Structures are given as C-alpha cells and as structure tokens.
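A.B. asks: Handing you a structure now.
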Amino acid sequence: MLEFLVDIDPDRDDTALLRFAFALARQHGARLTGLQVVMLSPTAMLAMPDAMLVLDEQEQAALGRRDWWRELCRGHGVEGGWEAYRGFYEAVLSRRASFADFVLGRLSRETARLASGFNPLGRVLSTDAAPMLLVPEHWPGKDGVRKVAIAWNGSTEAARAIRAAAPLLLRADEIVVLDGASRVRANARRIPLALDHWLERHALQAHWEILDEEDDNGQSLHNRASGRGADLLVMGAWGHSRANEWLLGGATRYLLQHSEVPLLVVEA
C-alpha cells in the first residue's frame, strides 16, 4: 500500500491541498497520513520566557486533532492516520518522509524562496527524503491525477522524477511528454536515457510534443501542461546548478513561483 504524507499547517487554508490529497489517496487506495510539526523559531524560543509552556500547549492541541483527521478520512473513504511531533520543521518532516512514497504540501510563492533558505518546506525540498507533490493554493481539481505532463530534457534529474511518478503514471488516463531532449545533440560520453523505452517497458502510452528551443522554459512548460488539462506536471528540480537556476532564472524557479498545476518535484 502506498503512503502519502500530508504536511498540515493549522494556520493556513489547506482546502485545495486536502481536496487533492484525499482524491489521490482514494484513486490509489493509499494510506493518507496527516502530519503537523509543532515548532517555534529559535528567535521566538529566546524571546519568550515561557516558550516551553507554549510548545507544550501547541503539542497537546496538535495531538488533539487526531479525531478531526480520522473523521475526514472516514468521510472520504480513505485509510489514514494522524501524527504530531515537536521539533525543527525540516528535520521532522524530512525524517518522517523517509518512509513515505510522496510528501504532499502547499505550493505558494513562499515555497519558491529556496535560494534564501528561509522557507521551511523549501528546505525539505532540498533534501533527499521523498518526492514532493506540491499543490497550488487554488487548485480546483478533485479527481486525483488523471492527466500527467512530463517535462523531459534527457537529464538524470528528470529521469528520477519520472521513476518516482511511476505509481501515478500507471493509474493515469493520459500522459503527455513535453520533450526538450530530442533536439539536443547527444553527448558521446553520456549514457543515453531513452524515455520511450522506459514507458514501453511499463506498458505506458504517451503523446509526445517536441519543444523548440524557445519553448524549453518554465513558462512554456507550464502553459503546455495547463493547456493539456494536466492534473500534474512531473519535473526534476535543478536541471543546472542551483546557483545558476536562481541567478539566471530557470524552469525550476519559474514553476515553483508561478505554477497553477500541481508539481511532482524530485531533488537530484
């Protein structure tokens, strides 16, 4: 049984995230675990003389949400569990995610602030804990993942993302490959990664769209995926060095900042 781990923030509107998470879990017969991390920033810990008391109260409140989560799971016909832990956000989430198949979280402009390192979910994304499935705040979808777009550039990062997405691809009704690799001249010293052969071995059929050089960017990838009615865009993060992505732009940065389609992102 697959396990999806959902990052729950009680102070945020997680309506779209929860709608997507329950639909996906129902589609795949997966266990859906809600996780709330109880934490205070180091600055707050120093500034508040009663910080430990505040943490105790918050932890008890988080643990008390178990019945709320179980009722949600029951109403959606999904097997689930609720967990709450006290600690540093990225440490708790990345460690717990090591036993999950996917981590589901909110995709917002804050998530995209990976360069500064100030966004906690962004810092988890930079670890190798589990593939992350990020859902836009206003995503209207409620049918799980039926149409999948794959951003393919022939890289190891993209290949890892596609392999991680295999359970979702196997249940999808339609797959489209946004192919930016075919026009790139092969490097004789590089082992070729043949996506078409991989799809064939898994009995997966896909439509292919060859990207011109001017279309091989984050905005074009997003527009094509959205235009296809995709429920998910599969991508490998940081196709170039991370410094170059953030200094020069890049597909990863654009999609994390602007995507209105859920993203499955795998850190290389």
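No lab work stands behind these numbers, since they all come straight from the coordinates. Please read these numbers as outputs of a predicted model, since none were measured by experiment. Methodologically, a virtual Cβ is constructed for each residue, glycine included, from the backbone with ideal geometry; neighbour enumeration extends over all protein chains shown.
A.B. asks: Taking the number of other C-beta atoms within 10 Å as the exposure measure, put 98, 108, 182 in order starting with the fewest. List each step's numbers first, then the result.
C.D. replies: On the way: 98 11, 108 17, 182 14.
Least crowded to most crowded, the residues run 98, 182, 108.
A.B. asks: Using modelled backbone amide H atoms (1.01 Å from N, in-plane), which distant-in-sequence or interchain residues come within less than 5 Å of residue 6's amide H?
C.D. replies: 33, 34, 35, 104
A.B. asks: If you rank 57, 214, 157, 209 by fewest surrounding Cβ atoms within 10 Å, what's the result? Walk me through the numbers before you get to the answer.
C.D. replies: Details: 57 12, 214 7, 157 20, 209 15.
Sorted ascending by nearby Cβ count, the order is 214, 57, 209, 157.
A.B. asks: Check residue 150: other-chain or 5+ apart residues with amide H under 5 Å from its amide H, H built from backbone geometry?
C.D. replies: HN-HN under 5 Å from residue 150: 176, 177, 178, 234.
A.B. asks: If each residue's Cβ is checked for other Cβ atoms within 10 Å, how do 20, 99 rank with the fewest at the top? Kindly include the intermediate steps, with their values, before the conclusion.
C.D. replies: Working: 20 26, 99 11.
Going from sparsest to densest Cβ surroundings: 99, 20.
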